[in-house]
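Each remark here refers to the structure printed beneath this line.
The values are calculated or read from the model by the stated rules, or taken from the named source; none is laboratory data. Remember, it's a predicted structure, so these values are computed and weren't measured experimentally. Counting neighbours? That spans all protein chains shown, and the Cβs are built from the backbone with ideal geometry, glycine included. In case anyone asks, the SASA skips ligands and DNA or RNA and just uses the protein heavy atoms, side chains included. Shrake-Rupley method; radii C 1.70, N 1.55, O 1.52, S 1.80 Å.
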Amino acid sequence: MVNAPTGEARLGQTEQVQALDRDCTTLSRHVLQQLHSFSADAQDLSALMSRIGLAAKLIARRLSRAGLMEDALGFTGAVNVQGEIGRYSLLYDPIDGSSNLDINLNVGSIFSIRKQEGDDEDGSAADLLQHGHKQIAAGYVLYGPSTMLVYSIGQGVHSFTLDPSLGEFILSTENIKIPDNGPIYSVNEGSFWQWEESYRDYIRYVHRNQGYTARYGGALVGDFHRILFQGGVFLYPGTVKNPDGKLRLLYESAPLAFLMEQAGGRASTGIQDILDVVPTKIHERTPLIIGSKENVALVESFIKERSRNPITLSE
Ligand code: P6P
């Protein structure tokens, strides 16, 4: 480190090269580095990730002008679809949390990539009705003050930040690891009256014990992103209205569960790991408890306790 006359510290030669190299790690380059291969499969996956990156750039550009464009608010777009590209099936939620757009708050896209199995002649995409361990890649895009793309192909979780001046996603954090425990619990407490008693027991616990803080943005990707980086737990329990919960397994919970396990966390329905769930239909919903290992285990402990002692204890 050289102390410049102005008193500003300057990077030495080695740090400059490393900084330059790091600044030039684009998404497609990183995917090929991760795959350690230029096989047809690797090229396909890299090309697919590049297309996801392009879609994210186009959405980010449109959202940046949402307040100025006709019908851009409450952005709907094609909702929760899946498409086949070559050998892969891409499942995605293009704009999750779209109601946040009307108040200029963050929204996100979520994607999951699976190997296409069979020829899907009847178009039922039946090969998608398999557990989440079948995913070969997953990620999300967070449209916030900056646009970030976070992905994994099973070798750690990595984040990229869109540099609008370059029109490229540039590597920002490699091998993200969630703390084993964190202070945040993220849930819509307005649904407290609709939950099973076990979730109410958990909320009463965090209300009565020091060290917890509530954060809920109403858009899954933003709430998930906060917990991935700061630790804690996000939960969307089953409710009277949606006994299986509101969130969709194949293109919301399973891709985020894939990422969370890659980052050293956990994702559960309360009864079983999200990645073990085998859906019976494409748009299946599940309850979701996702985040730091210890925080997820604490929520599950209240569910287990209630299953052993179902009587409603006096509050
Ligand atoms: P609630 C947005 O509509 C969404 O699908 C997720 O992004 C978000 O976590 C959840 O629903 C919010 O649901 O019932 O709390 O408004």
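If the viscosity is 1.306 mPa s and the temperature 10 °C, what Stokes-Einstein diffusion coefficient in µm²/s follows for region 243-315 when Rh is the Kirkwood radius over Cα pairs?
Details: Rh = 13.0 Å.
After rounding, the answer is 123 µm²/s.
Distances longer than 25 Å among the Cα atoms of region 184-308: what percent of all pairs is that?
Values: 1141 of 7750 pairs.
Result: 15 percent of Cα pairs exceed 25 Å.
Do the alpha carbons of any pairs in Lys57/Lys293; Lys134/Lys177; Lys177/Lys241 sit beyond 27 Å of each other, and which pairs? Spell out each step's value before the answer.
Details: Lys57/Lys293 33 Å; Lys134/Lys177 22 Å; Lys177/Lys241 35 Å.
Distance filter (> 27 Å) returns Lys57/Lys293; Lys177/Lys241.
Residue by residue through region 284-290, what is 3J(HN,Hα) from phi via Karplus (6.51 cos²θ - 1.76 cosθ + 1.60, θ = phi - 60°)? Round to whole Hz and write x for glycine and proline.
So the Karplus estimates, Gly and Pro as x, are 4, 9, 9, x, 9, 10, 9 Hz.
Given the Cα-Cα distance of Gln116 and Asp180 and 0.36 nm per residue of separation, how much length would full extension add, in nm?
Details: separation 64, 0.36 × 64 = 23.04 nm, distance 3.44 nm.
Stretched fully, the Gln116-Asp180 segment lengthens by 19.6 nm.
How would region 120-234 be classified by its alpha-carbon gyration tensor: rounded, prolate or oblate, with rounded meaning a/c under 1.5 and the a/b versus b/c comparison settling the rest? Write down the numbers at each step before the final one.
Numbers: a/c = 2.13, a/b = 1.30, b/c = 1.64.
Note, shape of region 120-234 comes out oblate.
Given a 1.4 Å probe and every protein chain left where it sits, what share in percent of the accessible area of region 184-308 is carbon and sulfur? Could the numbers behind the result be given before it?
Numbers: 2400 of 5040 Å².
Carbon and sulfur: 48 percent of the exposed surface of region 184-308.
Between Cys24 and Asp276, 0.36 nm times their residue separation minus their Cα-Cα distance comes to what? Walk me through the intermediate numbers first.
Numbers: separation 252, 0.36 × 252 = 90.72 nm, distance 3.74 nm.
Once the chain is fully extended between Cys24 and Asp276, it gains 87.0 nm.
If I model a spin label as a point 7 Å beyond the Cα along the Cα-Cβ vector, how far apart are those points for Gln230 and His207 in nm?
2.2 nm
In whole percent, what relative contact order does region 177-315 give with Cα contacts below 8 Å and a gap of six or more residues? The partial results should precede the final answer.
On the way: 241 pairs, mean separation 44.7, N = 139.
The normalised contact order for region 177-315 reaches 32 percent.
What do you get for trypsin sites (Lys or Arg not before Pro) in region 235-307 restricted to DSSP loop and a cutoff of at most 16 other Cβ within 10 Å of the site's Cβ?
Here the trypsin sites (Lys or Arg not before Pro) that fit, given the DSSP loop and packing criteria, are Lys241, Lys281.
Looking at region 132-174 from every direction and averaging, what is the projected area of its Cα convex hull in nm²? It would help to have the intermediate numbers written out before the result.
Values: hull surface 13.6 nm².
Seen from a random direction, the Cα hull of region 132-174 projects 3.4 nm² on average.
Any idea of Thr173's accessible area? Nearest 10 Å², probe 1.4 Å.
Surface accessible to solvent at Thr173 totals approximately 50 Å².
Expressed in nm to one decimal, what extension gain is obtained for the pair Glu284 and Glu189 from 0.36 nm per residue of sequence separation less their Cα-Cα distance? Intermediate results must be reported in sequence, preceding the final value.
Values: separation 95, 0.36 × 95 = 34.20 nm, distance 2.34 nm.
In short, 31.9 nm is gained.
For region 184-308, give the share of DSSP beta bridges that are antiparallel, in percent and rounded to the nearest 5; count only bridges with both residues there.
If I count the DSSP bridges inside region 184-308, around 65 percent turn out antiparallel.
Can you compute the modelled spin-label distance between Ser146 and Asn309, with each label point 7 Å from Cα toward Cβ, in nm?
Between Ser146 and Asn309, the label points sit 4.9 nm apart.
How much area per residue is accessible in region 184-308 when the probe is 1.4 Å and only protein heavy atoms are counted (Å²)?
Numbers: 5040 Å² over 125 residues.
Computed with neighbouring chains in place, this is 40 Å² per residue.
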